[in-house]
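Sending over a structure as structure tokens; questions will come in a sec.
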Amino acid sequence: MSLKRTAIVWGIVWVGGITALHGALNQQWFKPAPKSAGASADGARAGAAFSGPKFSVGYIPVTCHLTCPVTNFINKATDSDEMFKPMRFNGFPEIKEMFLSNRLEATFILAPLAMSLREQGVPIKIVYLGHRDGTALVVNKDSTVRRVEDLRGKKVAIPNRYSNQRIMLHRALKKRGMTLDDVILLEMSPPDMPISLQTGAVDAITSGEPFMAQTELDGYGRVLYQAKDEWPGFISCVLAVREDVIQTRRADVQALVDGIARSGKWIDQSMDNRMHAADVSATQYYNQDPKLLRHVLSKPVDRVRYSNLVVHRPDFEEIERLGIESGVLTGKAKFDDYADPSFVRDNNDVKPWDYEPKKQ
């Protein structure tokens with residue numbers, strides 16, 4: 001064989017070998033499909049096994065994304081495999097960019113942000129909720145602010161323009177004859193909020209937990225209102241999926257939603273489950289002190305709820321109306337444009353994971 005032909009043959013072998021290695025390591029070409037999330041012994045709703053490469057699912061370390069790590073660690077404990085790849089981010093701007101660049105098939109994201117993206121033509125669909133309630137507006141314990149009306153002229157930190165905390169503040173002010181123009185809004189990363197409140201850089205802060213709880217545990221924060229009281233059933237974050245993924249891999253999206261839904265029911269099943277979820281998520285996924293999540297998930301126990309997370313039209317039409325009033329939505333996209341509630345239509349169809357944590 002000539003030298004030139006030998007070089008060509010070895011080149012083909014080399015490229016083929018590298019391709020096979022990439023497929024084995026990164027795309028799981030030769031790996032058996034994970035076991036089905038299947039029904040538990042009590043007849044839980046079954047989730048089909050993934051049929052293709054694992055999804056990348058974005059999340060940030062807040063309580064409204066807790067079902068992402070919970071599903072991951074339960075699935076690894078029961079199936080010896082992962083249904084999807086959880087990808088941790090520090091904030092929603094990063095998630096937005098990854099989603100727009102098609103490097104995320106699914107993500108937990110702010111509800112108004114998902115709705116706004118759809119208005120801009122981004123093919124995104126809300127398929128499930130992150131949680132209900134689970135946020136608060138906090139002031140310094142020595143503050144003269146005792147009522148929402150006392151926020152007039154005060155500096156209030158919000159996560160960003162498209163946060164539902166901003167919409168809830170608009171709703172709370174409107175109920176008392178005020179507007180967002182009556183306060184000074186500052187956009188701030190939630191992890192930076194506690195120290196800003198403590199040092200007096202702002203007068204009030206509002207974001208998802210556990211950052212509000214941190215101010216309570218550290219002794220300088222006082223809750224002015226909690227979502228469960230100010231806006232019962234409040235929705236902050238949602239699980240969203242690219243529309244093309246729904247069209248081409250619907251069974252895999254169903255498996256993902258089933259797993260997330262079952263995790264929510266499992267968290268709410270008992271205080272032991274809540275504390276286990278807090279410990280594992282804080283140490284293995286969030287890089288936080290577990291006492292923060294333990295506090296949020298127990299004081300009071302209904303501070304955050306992970307059941308009854310079906311996507312309902314009236315909930316989003318209220319967010320839509322308030323979003324238009326407060327200037328973050330245009331009304332161009334309607335419920336059927338940005339939501340697909342078909343994956344879980346009845347909360348009663350969802351059963352918790354049949355998983356019991358090992359005793360330490």
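Every read-out reported here was derived from the displayed coordinates using simple, explicitly stated rules and does not represent laboratory data. Quantities reported herein were computed from a predicted structural model and do not represent experimental measurements. Cβ placement follows ideal geometry from the backbone for every residue including glycine, while neighbour counts extend to all protein chains displayed.
Counting other beta carbons within 10 Å of each residue's own, what order do Asp349, Asp133, Asp258 fall into, fewest first? It would help to have the intermediate numbers written out before the result.
Details: Asp349 12, Asp133 23, Asp258 26.
By the 10 Å Cβ count, ascending, the order reads Asp349, Asp133, Asp258.
Among His65, His312, which comes first, then next, by fewest other beta-carbon atoms within 10 Å?
Values: His65 28, His312 16.
With the fewest neighbours first, His65, His312 line up as His312, His65.
³J(HN,Hα) across the stretch 239-246 via Karplus (A = 6.51, B = -1.76, C = 1.60, θ = phi - 60°), whole Hz, x for Gly/Pro?
Working through the residues one at a time gives 8, 10, 10, 5, 5, 5, 5, 4 Hz.
Shifting gears a bit: Quick one: dipole size for the stretch 136-226, taken about the Cα centre, charges +1 on Lys/Arg Cβ and -1 on Asp/Glu Cβ, in debye to the nearest 20.
420
Separate question: Given R₀ = 35 Å, what would the calculated FRET efficiency be for Asp289 paired with Ile324, taking r from the Cβ atoms and rounding to 0.05?
On the way: r = 39 Å, r/R0 = 1.13.
Efficiency, from the Cβ-Cβ distance: 0.35.
At a threshold of 8 angstrom on Cα-Cα distance, excluding pairs fewer than six apart, so keeping six or more, what relative contact order does the stretch 130-276 reach in percent?
35
Assuming a viscosity of 0.692 mPa s and a temperature of 37 °C, what translational diffusion coefficient in µm² per second does Stokes-Einstein assign to the stretch 126-251, Rh being the Kirkwood radius over Cα pairs?
Working: Rh = 15.3 Å.
Reported coefficient: 215 µm²/s.
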